[in-house]
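One structure below.
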Amino acid sequence: MKCKVISEKDNVAVLLESEGKIPAGHKIALKDIAEGEEIIKYSNRIGRETQKIRKGEWVHSHNMKTALDETFSYEYHPVHKSFEKNEGYFSGYRRKGRRAGIRNDIFVIPTVGCVNSVAKEIGDSFQGKKIEGIDGVFALSHPYGCSQLGEDHADFRKLLVSVSQNPNAAGVLFVGLGCENNGIGGIREQLQGLPSEHIRFINCQDAEDEVMAGKEKVKELIVRYAAKREKTELGELAIGLKCGGSDGFSGITANPLVGKISDQLVSYGASAVLTEVPEMFGAEQQLMNRCETREVFEKYREMIVGFKRYYTENGFPVYENPSPGNREGGITTLEEKSLGCVEKGGSADIVDVIEYAGRIKRKGLSVLNAPGNDLIASTALAAAGCQIVLFTTGRGTPFATFVPTLKIATNRSLAKKKSNWIDFDAESGNEDELWEKMLKVCSGERCKAEDKREIAYFKRGVTL
């Protein structure tokens with residue numbers, strides 16, 4: 001059998017090619033394992049056997065289960081890593097009062113879903129046209145902005161304002177209706193103290209021809225903010241780290257590769273952001289030990305505990321994971337999925353914990369409070385200020401958020417089958433090749449899903 005042993009401490013290996021009834025990406029036993037014995041992968045426990053398994057046999061949901069305990073408590077045992085500082089550059093767009101952008105885009109953002117069609121008509125009118133100094137004009141539609149209360153109302157408004165602050169936004173047009181509770185007045189209030197000279201507004205109920213008025217505002221932004229790329233320090237970059245549709249290859253190809261890219265960027269003084277909080281369950285103690293200070297550890301611990309509380313207060317088990325697609329791809333338990341997932345975060349110290357809809361404050365690796373859902377987590381990463389999302393996938397997806405979303409396949413068969421979705425093959429490629437690919441995208445090369453722009457919100461409360 002052709003298989004991959006990740007660590008000498010492991011008692012299972014990952015099958016690299018299908019063998020009989022055992023699919024590629026699934027686990028096989030490296031030795032006889034007694035009932036109740038721990039299953040070890042990534043040098044860590046990923047579950048327990050439910051029946052005796054012999055060496056060479058398939059290890060999956062039919063004979064193992066999670067070993068996670070919902071009452072587990074956390075301690076801080078700091079493990080720090082330092083990096084030699086590097087210097088490097090990409091070709092970007094410098095901003096006044098903000099990080100440099102890797103795109104010079106115009107965002108048309110509806111404050112409420114009622115005006116999605118207006119925002120789309122405004123944005124679409126510029127599609128297919130070569131606009132000197134502007135990479136694209138995009139409407140970012142969503143179904144929210146009205147009939148929301150309390151935390152939902154406040155967080156959604158905060159999210160849209162954070163979207164408007166993304167470094168890739170050369171200019172922003174907020175399109176309001178005029179009677180929604182997430183109105184332009186509230187957006188203006190939320191923007192106080194933030195860079196806003198690149199932002200314009202229209203209320204559809206106040207305009208005689210709202211589409212024409214919106215087009216004129218966009219033309220004004222184009223004239224004002226058209227620009228050329230300049231030599232820009234890599235320390236200006238912020239990357240989002242995300243995986244979706246994970247499989248048994250995720251933790252041995254794409255995610256560790258992205259982790260190396262993350263560490264390399266940190267050495268250049270850049271920022272990286274790791275999210276998907278429920279997919280840290282089972283690996284969270286490792287990440288806590290990497291917190292730069294006890295204060296960061298306490299914030300991280302509270303985020304984990306708070307997210308578990310969110311599950312239980314809504315009547316759901318904390319460990320309602322992995323997905324059917326994950327299991328089909330070879331992942332059996334949440335701790336197995338999480339240990340592979342957090343590989344994307346490399347080995348750098350965690351310097352900050354970012355609240356949902358919040359923005360990056362520090363250079364280095366931060367963690368962001370958001371769920372695992374691809375659309376919601378990727379939106380939160382971009383809203384936090386990431387100019388690009390490195391998105392690893394073993395199953396494939398056409399989705400992209402509102403910043404370039406670089407799709408990295410965990411296996412070459414997916415990369416070949418879905419070449420219209422996938423930008424990089426992590427099974428065949430190496431760290432240097434991915435680094436060069438990322439720098440090319442940051443300097444203007446377009447991703448496969450570049451023209452697909454979406455935003456999604458983490459809704460938790462009542463809708464009127």
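Side notes on the structure shown:
- Per residue, the accessible area of the range 336-393 comes to 20 Å² when a 1.4 Å probe rolls over the protein heavy atoms.
- Hz values of 3J(HN,Hα) by residue in the range 124-129 - Karplus curve (6.51, -1.76, 1.60), Gly and Pro given as x: 5, 5, 9, 5, x, 9
- Each principal axis of the range 188-293 carries a Cα extent, and these read 57, 35, 32 Å when sorted largest first.
- Surface composition of the range 203-278: carbon plus sulfur atoms hold 45% of the accessible area, using a 1.4 angstrom probe and ignoring ligands, DNA and RNA.
- Area accessible to solvent at residue 232, 1.4 Å probe radius, in Å²: 0 Å²
- Accessible-area composition of the range 322-464, carbon plus sulfur, in percent [1.4 Å probe]: 47 percent
- Kirkwood radius for the range 380-427, taken over all pairs of different Cα atoms as the inverse mean of 1/r, rounds to 10.9 Å.
- Low-density loop positions, GluC sites (Glu not before Pro), the range 282-354 - DSSP coil, at most 11 other Cβ in 10 Å: 320
- Highest-first arrangement of 167-178, 443-454, 421-432, where packing means the average Cβ count within 10 Å: 167-178, 421-432, 443-454
- Other residues with beta-carbon under 11 Å from the beta-carbon of residue 416 carry, at +1 per Lys or Arg and -1 per Asp or Glu, a net charge of +1.
- Two-decimal log10 I(q)/I(0) for the range 283-365, as the Debye equation yields it once each C-alpha is a single scatterer, q = 0.18, 0.22, 0.26 Å⁻¹: -0.92, -1.17, -1.27
- FRET efficiency, 1/(1 + (r/R0)^6) with R0 25 Å, evaluated for residue 196 and residue 124 via beta carbons: 0.45
- Candidates per trypsin sites (Lys or Arg not before Pro) in the range 205-243, loop by DSSP, up to 16 other Cβ within 10 Å: 228
- Where the range 1-43 is the region considered: accessible area per residue in Å², 1.4 Å probe: 52 Å²
- Neighbour cut-off at most 13 other Cβ (10 Å), DSSP loop, trypsin sites (Lys or Arg not before Pro), the range 300-376: 361, 362
- One decimal place: the segment residue 373-residue 72 gains 105.9 nm when fully extended, by the rule 0.36 nm per residue minus the C-alpha distance.
- Amide H partners (placed H, <5 Å) of residue 365, local residues excluded: 272, 351
- Alpha carbon Rg of the range 64-148, scaled by the compact-globule rule 2.2 N^0.38 Å: 1.91
- Candidate values (i) 180; (ii) 143; (iii) 199, label of the one derived for volume of the Cα convex hull per residue in Å³: (ii)
- Accessible area per residue in Å² at 1.4 Å probe, computed on the range 98-201: 34 Å²
- Whole-percent carbon and sulfur share, accessible surface of the range 27-146, 1.4 Å: 47 percent
- Size descriptors for the range 177-245: radius of gyration and Dmax over Cα atoms are 17.2, 46 Å.
- Protein-only accessible surface order, largest first, of 73, 162 at 1.4 Å: 73, 162
The values are calculated or read from the model by the stated rules, or taken from the named source; none is laboratory data. Note that the coordinates shown come from a computational prediction; the quantities given were computed from them, not determined experimentally. Virtual Cβ from ideal backbone geometry, glycine too; neighbours counted across all protein chains shown. Surface accessibility is based on the protein's heavy atoms, side chains included, excluding ligands, DNA and RNA. Shrake-Rupley method; radii C 1.70, N 1.55, O 1.52, S 1.80 Å.
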